[in-house]
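Engineer: Before we start, here is the structure in question, set down as C-alpha cells.
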Amino acid sequence: MTDTPLALVTGGAQGIGYASAQALMAEGFRVILADIKADGVADAASELGAVAGLVCDMGDADQVLAMFDKIEAEHGPVSALVNNAGIAAAGDFLDYDLATFDRVIDINLRGVFVATQRAGKAMVANGIEGAIVNMSSINAQVAIPAIPAYCASKGGVMQLTKVAALALAPHNIRVNAVGPGSIDTEMMAGVNANPEAMKTAMSRTPLKRPGTAREIGDVVAFLCSKKASYITGETIYIDGGRLGLNYTV
C-alpha cells in the first residue's frame, strides 16, 4: 500500500473516462480503470500506466461490489470515485423497449448509486475524506424525446448527487457531478459523421465547437482534488454555453 491517493474511474477505456484518468494522474492520483470492454480496458491501463484495468458491468450490482472488494484487498480503499460509465439508446418514445429502458437506467443511474454507496462506506470506515464525481449531462435539463432513458438517467444522477452529497457531508466526503454538452467522443460519432446534425448541434452551442474529452477530464480531476474542497452537491455544466442559450443563434 502507498499514501498516494487511489482513484477509480468507471467507463475508463476511452473517451471522457480515459481523459479523466489522464487528468487524475497529472493531479497525483494512482488510477484504476474499470470498463465492460476487456481488451479496451487492458490496453488503456497499459497505455496510461494505471494501477489496474478491471472488467466490470456497472449495470450488475454483484459485479460492482465484487470489484470494490478486489480493489480494497489488493490496493486499499479508493479516495476518489469517478462514475463515468454510461450508455445511450435511441428510439421512438411510443415504441421504446422496456428492456432497453431498464438497461440504460441500470448502468447510468442504479450503477452510480451502487458504486457511490459502496465507495462511501469504505471511505467512512477508513476515515478517508474523499471525493466522488458522477457523470450527468446537459440532458438532465434539456429533453430529447428520442433518448428517454438517457435523459431520465442523467436527471436522476443530478439529484442523486445532491442526496449523496448531503448524506456524506458529515464525513467530509464530497459528491459532485459534471454535465457535458456536445463532446467529441465515441458517443457523438453519429453527429460528427452527419454534417446537418453537427450544424444543428453547433447552432445551439455559443462557443461553436464540440468540447474535448480532456476538457471534461480536467474538471473531473479538479473536483476530486483539494482545490475543490468546499464544493459539494453541485453539477458543473461543461457545454460551451448551451444551457445559457434561450434562442437559436
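Every number here is computed from the coordinates shown, using simple stated rules; none is lab data. If you're wondering where the values come from, they're calculated on a predicted model, not measured in any experiment. Positions of Cβ are backbone-derived with ideal geometry, glycine not excepted, and every protein chain shown enters the neighbour counts.
Engineer: May I ask you to list the chymotrypsin sites (Phe, Trp or Tyr not before Pro) in region 172-249 that are in a DSSP loop and have at most 15 other Cβ atoms within 10 Å of their Cβ?
Structural biologist: Loop-located and lightly packed - 230, 247.
Engineer: Turning to a different aspect of this structure: Among all lysine pairs in the chain that are eight or more places apart or on different chains, how many have alpha carbons less than 19 angstrom apart?
Structural biologist: Counting lysine pairs in the chain gives 5.
Engineer: Put a dot 7 Å past each Cα toward the Cβ at residue 189 and residue 230; how far apart are the dots in nm?
Structural biologist: So the two model labels end up 4.4 nm from each other.
Engineer: Here's something else I'd like to know. Suppose the chain between residue 43 and residue 73 were pulled fully straight at 0.36 nm per residue; how much longer would it get relative to their current alpha carbon spacing?
Structural biologist: Value of the extension gain: 8.5 nm.
Engineer: Taking amide hydrogens as modeled 1.01 Å from N in the peptide plane, which residues meet the under 5 Å criterion relative to residue 235, leaving out close sequence neighbours?
Structural biologist: Amide H neighbours of residue 235, under 5 Å, 5+ apart: 177.
Engineer: May I pose another question? Pulled fully out, how much extra length does the chain show between residue 2 and residue 172, if you take 0.36 nm times their separation in residues and subtract their Cα-Cα distance?
Structural biologist: 59.0 nm
Engineer: While we're looking at this one, here's another question. Quick one: angle between helix 61-75 and the longest Cα principal axis of the chain, in degrees between 0 and 90, rounded to 10, please.
Structural biologist: That works out to roughly 40 degrees.
Engineer: Work out from phi, with θ = phi - 60° and the Karplus expression 6.51 cos²θ - 1.76 cosθ + 1.60, the ³J(HN,Hα) of each residue of region 201-215, listed in order in whole Hz, and give x for Gly and Pro.
Structural biologist: Each residue of region 201-215 in turn: 4, 6, 5, 9, 10, x, 7, 6, 7, x, x, 9, 4, 5, 5 Hz.
Engineer: So, one more: Roughly what % of Cα-Cα distances in region 90-189 sit above 23 Å, to the whole percent?
Structural biologist: The proportion of pairs with Cα distances above 23 Å equals 33 percent.
Engineer: Taking H as built 1.01 Å from N, whose amide H comes closer than 5 Å to the amide H of residue 78, not counting residues under 5 places away?
Structural biologist: For residue 78, whose amide H was placed from the backbone, there are no distant partners under 5 Å.
Engineer: Per residue of region 3-13, in order, report the coupling 6.51 cos²θ - 1.76 cosθ + 1.60 (Karplus, θ = phi - 60°) as ³J(HN,Hα) in whole Hz, putting x for Gly and Pro.
Structural biologist: 7, 5, x, 10, 10, 10, 10, 8, x, x, 6
Engineer: I need the phi-derived Karplus couplings for region 81-96: 6.51 cos²θ - 1.76 cosθ + 1.60, θ = phi - 60°, integer Hz, Gly and Pro marked x.
Structural biologist: Using θ = phi - 60°, the values come out as 10, 10, 8, 9, 4, x, 9, 9, 9, 8, x, 5, 4, 6, 10, 5 Hz.
Engineer: What is the sum of charges around residue 131, taking Lys and Arg as +1, Asp and Glu as -1, for the other residues whose C-beta is under 10 Å from the C-beta of residue 131?
Structural biologist: +1
Engineer: Next question, about the same structure. Using a 7 Å offset from the Cα along the Cα-to-Cβ direction at both residue 92 and residue 162, what is the distance between the two label points in nm, to one decimal?
Structural biologist: Here the answer is 3.6 nm between the modelled labels.
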